[in-house]
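These notes are about the structure you will find just below.
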Amino acid sequence: MPTILLLAEDSECDRLKPVFESLGHEVVHLPALLSSPSPIDLSAEDGRQIDLVAIDTDDQLEHLEPVIQHLKDQTATREAPVLLLIDEEALPGLDFGLDADDLAVKPLRQGELRARIRRLLWEADRPDDDQMIKVKDLLINKSRYEVRVKGVTVNMTLKEYELLQHLVTHADRVFT
């Protein structure tokens with residue numbers, strides 16, 4: 001179950017947390033980071049790796065840059081995509097130079113939010129092309145030591161995985 005770090009005021013969190021949970025995500029709430037981006041060690045947050053950060057801007061656009069920078073400096077959130085939840089009236093003042101990966105305009109529609117989260121998590125989980133070997137329905141993810149056939153994960157021992165990878169990368173040779 002992906003873990004979402006939700007940065008929002010308590011009142012907004014009470015409204016947003018059930019939405020994220022209904023989409024099948026675990027939610028960790030940190031309200032203090034928005035008002036003052038003080039050095040908070042996010043790795044102490046139960047030692048969990050954060051898969052996505054959702055920031056309810058709450059018209060605090062001037063505080064976004066240091067907050068996002070602080071998140072990118074933390075081990076737990078360094079690789080996590082950032083989703084801004086922003087009021088439509090605040091859009092003209094939004095700095096698109098921020099290191100945010102996507103934004104959703106409030107009031108949030110659950111279908112759109114689900115699609116944006118799925119896309120962000122998919123892109124964050126997607127390895128580089130040089131880490132993938134694809135032959136028809138066979139997909140080998142070298143960064144995860146994972147093999148899939150028609151989208152279904154195949155359980156293998158390390159030796160089986162290495163042998164398959166070697167045979168696929170040397171398909172023009174015969175081995176005894």
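The values are calculated or read from the model by the stated rules, or taken from the named source; none is laboratory data. Predicted, not measured: the structure shown is a model, and the values here were computed from it. Quick reminder, even Gly has a Cβ in these numbers, built from the backbone with ideal geometry, and neighbours come from all protein chains shown. To get the accessible areas, we keep the full protein, side chains included, count just its heavy atoms, and leave off ligands, DNA and RNA. Shrake-Rupley method; radii C 1.70, N 1.55, O 1.52, S 1.80 Å.
A few comments on the model shown:
- Subset of region 89-123 (residues that are touching a residue at least 60 places away in the same chain (Cβ under 8 Å), open to solvent by 20 Å² or more (accessible area, probe 1.4 Å) and in a helix (DSSP H, G or I)): GLN110, ARG114, LEU121
- Those residues of region 124-141 which are of a type outside the set (Asp, Glu), within 20 Å of the chain's Cα centre (by Cα) and either over 16 Å from ALA54 (Cα atoms) or exposed (fewer than 11 other Cβ atoms within 10 Å of the Cβ) (or both), in sequence order: ARG126, PRO127, GLN131, MET132, ASN141
- Residue within region 59-81 that is assigned to a loop (DSSP other than H, G, I, E, B), out of contact with any helix residue (DSSP H, G or I) (no Cβ under 7 Å at 6 or more places or on another chain), modelled with pLDDT under 85 and among the small types (Gly, Ala, Ser) present: no
- Residues (open to solvent by 70 Å² or more (accessible area, probe 1.4 Å) and either modelled with pLDDT under 80 or in contact with a Leu (Cβ under 7 Å, 6 or more places away or on another chain) (or both)) located in region 18-49: SER35, PRO39, ASP41, ALA44, ASP46, GLN49
- Subset of region 56-88 (residues that are of a type in the set (Asp, Glu) and surrounded by fewer than 16 Cβ atoms within 10 Å (Cβ to Cβ)): ASP59, GLU62, GLU65, ASP73, GLU79, ASP87, GLU88
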